[in-house]
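Colleague: My questions all concern the structure below.
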Amino acid sequence: IDGITNFPNNRLQIYNRWGIKVYETNGYGIDNNLFYGYSEGRATVKKSNILPDGTYFFILNYEVSDAVWKEKAGYLYLISSN
């Protein structure tokens, strides 16, 4: 996420197409805290397993100034490198 290190106070959530959360973290992009396509949930894919190819949706909340937060939402497409 371009520029995310300028907003270290942030929260990222990623959902599969059924609305099930597969990844969540605070401080995304800080100290190598990144999404590598592995599941953090257990509902559809075992925790720590690579997620299947497909479209995923994200919600990013980040603090732009003292107690002022913004939200961005969008999608990403995962494809295996094999």
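Colleague: Could you give every pair whose Cβ atoms fall below 8 Å, whose first residue belongs to the stretch 53-68 and is free of Cβ contacts under 8 Å to residues at least 60 places away in the same chain, and whose second residue is open to solvent by 70 Å² or more (accessible area, probe 1.4 Å) and in a loop (DSSP other than H, G, I, E, B), counting only separations of at least 6 or pairs across chains?
Modeller: From the stretch 53-68, the pairs are ASP53/ILE79; GLY54/ARG17; THR55/ARG17; TYR56/ARG17; PHE57/ARG17; LEU60/ILE1; TYR62/ASN9; GLU63/ASN9.
Colleague: Moving on. Please list, ordered by first then second residue, the pairs with beta carbon atoms under 7 Å, 6 or more apart or interchain, first in the stretch 69-82 and under 20 Å from PHE7 (Cβ atoms), second of a type in the set (D, E, K, R).
Modeller: TRP69/GLU63
Colleague: For the stretch 67-81, give me the residue count where each residue is more than 19 Å from TYR36 (Cα to Cα) and open to solvent by 100 Å² or more (accessible area, probe 1.4 Å).
Modeller: Counting residues in the stretch 67-81 that are more than 19 Å from TYR36 (Cα to Cα) and open to solvent by 100 Å² or more (accessible area, probe 1.4 Å) gives 4.
The values are calculated or read from the model by the stated rules, or taken from the named source; none is laboratory data. Nothing here was measured: the structure is a model prediction, and the numbers come from that model. Because the Cβ atoms are built from the backbone with ideal geometry, glycine has one as well, and the counts that use them run over all protein chains shown. When the accessible area is computed, the model is the full protein with side chains, heavy atoms only, and any ligands, DNA or RNA have been set aside. Shrake-Rupley method; radii C 1.70, N 1.55, O 1.52, S 1.80 Å.
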